[in-house]
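Derivation of every value follows stated rules applied to the coordinates shown; laboratory data play no part. Keep in mind that what you see is a predicted model, and the values were worked out from it rather than measured. Note: ideal-geometry Cβ built from the backbone for every residue, glycine included; neighbour counts use all protein chains shown.
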There are 2 protein chains.
Amino acid sequence: MKKIINNPDNVVEEMLNGMVASHPEYLERLEGFDVVTRKNKKSDKVTLVSGGGSGHEPAHGGFVGKGMLDAAVAGAVFTSPTPDQVYEAIKAVDNGKGVLLVIKNYSGDVMNFDMAAEMAEADGIKVEKVVTNDDVAVENSTWTIGRRGIAGTILVHKIAGAKAEAGASLEDVKAVAEKVIANSRSMGMALSPCTVPAAGKPSFTLADDEMEIGMGIHGEPGTHRESITTADEITQQLLDKIFAEDIYHSGDEVAVLINGLGATPLMELYVVSGKVQTVLQEKGIKIAKTYVGNYMTSLEMAGCSISLLKLDAELKELLAAPADTPALVQF
Amino acid sequence: MKKIINNPDNVVEEMLNGMVASHPEYLERLEGFDVVTRKNKKSDKVTLVSGGGSGHEPAHGGFVGKGMLDAAVAGAVFTSPTPDQVYEAIKAVDNGKGVLLVIKNYSGDVMNFDMAAEMAEADGIKVEKVVTNDDVAVENSTWTIGRRGIAGTILVHKIAGAKAEAGASLEDVKAVAEKVIANSRSMGMALSPCTVPAAGKPSFTLADDEMEIGMGIHGEPGTHRESITTADEITQQLLDKIFAEDIYHSGDEVAVLINGLGATPLMELYVVSGKVQTVLQEKGIKIAKTYVGNYMTSLEMAGCSISLLKLDAELKELLAAPADTPALVQF
């Protein structure tokens with residue numbers, strides 16, 4: 001294992017400290033907890049809390065800021081945060097307008113965020129939850145009942161965050177988050193595994209000419225392995241699986257997210273993105289906006305995922321609303 | 001070699017098409033050339049052209065847009081663009097106010113951008129040049145006389161771009177670029193090599209427990225190799241080399257750029273950034289702004305560089321000016 005770290009046992013703590021020290025204009029650390037909160041809180045809006053295991057950076061701490069999240073809770077690498085951590089994040093950001101929890105669909109996350117919500121509700125805090133499940137690869141995998149939540153989650157952060165920033169009620173913020181979840185699907189592939197620092201060895205192995213289709217962001221098995229082929233064929237295969245969902249049709253307008261899993265050069269992501277544009281154009285689907293980069297990573301895994309979000313007027317407007325967070329790499 | 005590409009011979013072409021198709025609101029392709037230009041050109045400003053070999057994405061095409069570059073020229077992977085390509089970029093963006101070329105110090109780049117400048121000047125276009133050389137690792141390496149230009153180049157793009165956007169003259173834009181170059185230094189390290197697509201095999205090898213200190217962004221040799229150690233010790237070693245330049249002193253204010261080389265998780269970059277904050281604080285150096293992410297990559301190389309820029313009031317104001325380009329990952 002080659003990593004630029006000090007001690008696997010402290011890596012999340014040191015990362016959070018580094019993140020907050022690097023972006024003091026955006027972030028604060030919630031004293032005593034693995035939680036980062038928005039620096040300049042607005043007191044008159046619904047607040048959003050997300051999080052999950054670490055190792056997916058910039059998700060989720062990098063998306064804390066204006067127009068997106070109010071707090072992110074960081075578990076150990078690839079491990080759900082405990083209920084008390086989530087509970088503290090909820091208490092830290094609530095201002096009486098209510099809190100929406102954005103949870104990726106992993107059994108541990110769902111259970112622990114649920115418990116935290118109950119604890120907060122016992123304190124009289126209004127809490128609602130949405131569970132993202134955009135990954136069409138497999139149902140009921142290693143740590144999940146149903147579909148997994150992956151990169152499409154970032155689109156929920158963005159759109160629900162914009163709705164909250166605009167002053168909407170908790171019910172309306174939840175409703176738009178649910179609409180994003182209903183309209184978004186993702187599919188990924190990997191060329192190489194990643195190594196959890198505390199484990200010290202790769203989570204699985206792939207042969208030199210092999211790729212895995214549909215792998216999860218913690219290295220969970222995908223649909224199958226096959227010999228690596230061209231970017232065009234890989235892209236077509238991922239899109240075919242997404243199109244099998246029967247959501248995206250000729251005449252629709254979509255947003256596209258080409259997400260790198262950590263070690264894939266932007267050059268390759270742009271080759272994939274170019275093919276996505278071509279395929280969607282051929283299908284008569286209009287692209288309103290494309291995002292290309294590392295949004296939801298899996299440590300140093302090589303590979304990518306493609307997410308589509310079908311837009312209506314409301315979603316399109318909220319997607320375009322201003323946001324300002326560390327992961328948007330503002331100069 | 002495992003890459004998500006179609007054909008090594010077409011990868012730059014396909015990347016540029018993908019980049020422009022992904023970000024039509026920002027970028028245009030200069031028909032027939034490996035050049036991307038700013039979509040909504042301002043006609044009353046000095047224009048900036050940069051570029052170099054491909055494989056460093058988002059540099060440089062990702063920094064084309066408001067407040068940064070007006071065009072980026074993309075050579076083959078790790079290969080200087082030819083003079084005619086640079087010449088066409090200059091012609092495409094010039095509006096009579098003059099063009100500043102921002103060149104990373106590699107002999108091929110310097111020669112080819114020089115020739116392009118002469119061709120443009122013969123057409124009556126005002127052209128000035130600056131050459132970035134922020135890498136303190138080594139003098140006179142594989143493809144360079146003097147120091148190499150690496151991630152600090154992005155700070156030149158940002159600050160000179162802001163100066164141009166504000167309406168300054170060509171002389172003043174060049175002067176502020178020179179000030180950034182004089183005040184910025186970088187130092188990097190690598191844990192793993194990268195593979196040029198057309199070569200198909202890694203550019204060098206490192207043992208499983210080895211790292212290279214001071215390696216260039218094309219895999220050029222650094223100062224030495226040694227056994228991998230902690231993030232804190234690596235960071236201290238990189239900073240010590242930068243501090244040996246006698247530029248950064250107690251009482252100074254700086255900007256910090258923690259740059260990932262392609263395959264290093266953001267988690268690790270934040271661990272490094274946390275240590276940088278601590279060391280600078282101990283030295284009495286104030287940090288005005290920290291950037292953490294993949295700005296100037298080396299394909300899928302694992303590793304990072306640290307850049308410092310000493311600020312004065314002008315540089316600080318220009319660094320903070322608004323910019324809007326694809327690599328700033330605007331939502």
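I'd like the antiparallel share, as a percent to the nearest 5, of DSSP beta bridges with both residues in chain B.
Percent antiparallel among DSSP bridges in chain B is about 55.
Evaluate Rg over Rh across region B:185-330, taking Cα atoms for both radii and Kirkwood's formula for Rh.
0.99
Evaluate the charge dipole of region A:8-182 about its Cα centre and quote only its size in Debye, nearest 20, assuming +1 on the Cβ of each Lys and Arg and -1 on the Cβ of each Asp and Glu.
Rounded to the nearest 20 debye, it is 640 debye.
Counting Lys and Arg as +1 and Asp and Glu as -1, what is the net charge of the other residues whose Cβ lies under 13 Å from the Cβ of B:Q236?
Around B:Q236, the surrounding residues sum to -1.
If the reach is capped at under 15 angstrom between alpha carbons, list the aspartates and glutamates near A:K66, excluding any in the same chain fewer than eight residues apart.
Counting by Cα, and skipping residues close in sequence, A:K66 has these aspartates and glutamates nearby: A:E25, A:E28, A:D44, A:E165, A:D324.
Apply the Karplus curve 6.51 cos²θ - 1.76 cosθ + 1.60, θ = phi - 60°, to the phi angles in region A:65-72 and return the couplings in whole Hz, x for Gly and Pro.
x, 4, x, 9, 8, 9, 8, 10
Per residue, what volume in Å³ does the Cα convex hull of chain B take up?
Convex hull volume per residue, Cα atoms: 121 Å³.
Taking Cα centroids, how far is region B:168-182 from region A:170-204 in Å?
Each part reduced to its Cα centre gives a spacing of 44 Å.
Using alpha-carbon positions, what is the distance between the centroids of region A:111-160 and region B:108-155, in Å?
50 Å
To the nearest 20 debye, what charge dipole does chain B have about its Cα centre, counting +1 at the Cβ of each Lys and Arg and -1 at the Cβ of each Asp and Glu?
My answer is approximately 580 debye.
Roughly how big is the protein assembly as shown's charge dipole about its Cα centre, with Cβ charges of +1 (Lys, Arg) and -1 (Asp, Glu), in debye to the nearest 20?
Here the size comes out at about 1000 debye.
If I model a spin label as a point 7 Å beyond the Cα along the Cα-Cβ vector, how far apart are those points for A:S43 and A:D324 in nm?
Rounded to a tenth, the inter-label distance reads 2.0 nm.
Could you pull out every residue, at least 5 positions away or on a different chain, whose amide H is within less than 5 Å of the one on A:G98? Hs are placed 1.01 Å off N in the peptide plane, and Pro or chain starts have none.
Hits under the 5 Å cutoff: A:T47, A:K126.
Mind giving me the nanometre distance, one decimal, between the label points for A:E25 and B:N140, set 7 Å out from Cα along Cα→Cβ?
Rounded to a tenth, the inter-label distance reads 4.2 nm.
Determine, from the Cβ-Cβ distance of B:E118 and B:E317 and an R0 of 45 Å, the FRET efficiency 1/(1 + (r/R0)^6), rounded to the nearest 0.05.
Plugging the Cβ-Cβ distance into 1/(1 + (r/R0)^6) gives 0.85.
Taking the Cβ-Cβ separation of B:D240 and B:S107 as r and a Förster radius of 30 Å, what is the calculated FRET efficiency to the nearest 0.05?
Here the calculated transfer efficiency is 0.60.
Please name which of B:V99, B:A116, B:V176 has its Cα lying farthest along the dipole of region B:98-197 towards the positive end, using unit charges on Cβ (Lys, Arg +1; Asp, Glu -1) and the Cα centre as origin.
Working it through, the farthest residue towards the positive pole turns out to be B:V176.
Could you work out how far apart the two model spin labels at B:H249 and A:N95 are, taking each label as a point 7 Å from the Cα in the direction of the beta carbon, and quote it in nm?
About 4.5 nm, to one decimal.
Which aspartates and glutamates, if any, have their Cα less than 15 Å from the Cα of A:K2, not counting same-chain residues under 8 positions apart?
Leaving aside aspartates and glutamates fewer than 8 places away in the same chain, those within reach of A:K2 are A:E300, B:D208, B:D209, B:E210, B:E212, B:E226, B:D232, B:E233, B:E268, B:E300.
Tell me the Rg and the Dmax, in Å, that the Cα atoms of the protein assembly as shown produce.
Spelled out, the Cα radius of gyration and Dmax of the protein assembly as shown are 23.4, 77 Å.
By count of other Cβ within 10 Å, fewest leading, how are B:K41, B:K289 ordered?
Placing the least packed residue first, the sequence is B:K41, B:K289.
Using helices alone, what [θ] at 222 nm do you get for chain A, with -39,500 (n - 2.57) per DSSP H run of 4 or more residues, divided over all residues and rounded to the nearest 500?
The per-residue figure over chain A is -10000 deg cm²/dmol.
Show the residues, 5+ positions off or on another chain, whose built amide H is closer than 5 Å to the amide H of A:V292.
A:I258
Normalising by the residue count of chain A, find the relative contact order in percent from Cα pairs under 8 Å and 6+ residues apart.
Here the relative contact order equals 18 percent.
Mind checking which lysines have their C-alpha under 23 Å from B:K286, skipping anything on the same chain fewer than 8 residues away?
A:K39, B:K158, B:K179, B:K241, B:K275, B:K310, B:K316
Among DSSP beta bridges lying fully in region B:8-182, give the percent that are antiparallel, nearest 5.
DSSP beta bridges in region B:8-182 are roughly 30 percent antiparallel.
Taking 8 Å as the Cα distance limit and 6 or more residues as the minimum spacing, I'd like the relative contact order of region A:8-182 as a percentage.
Reported as a whole number, the value is 20 percent.
Roughly how large, in nm² to one decimal, is the mean projection of the convex hull of the alpha-carbon atoms in region A:8-182?
Result: 9.1 nm².
If you average the alpha carbon positions of region A:9-83 and of region A:254-330, how far apart do those two centres end up, in angstrom?
22 Å
Starting with the fewest neighbours, write out B:M187, B:M211 ranked by other beta-carbon atoms found within 10 Å of each beta-carbon.
By the 10 Å Cβ count, ascending, the order reads B:M211, B:M187.
When DSSP beta bridges are limited to those with both residues in the protein assembly as shown, what percentage is antiparallel, rounded to the nearest 5?
The answer is about 55 percent antiparallel.
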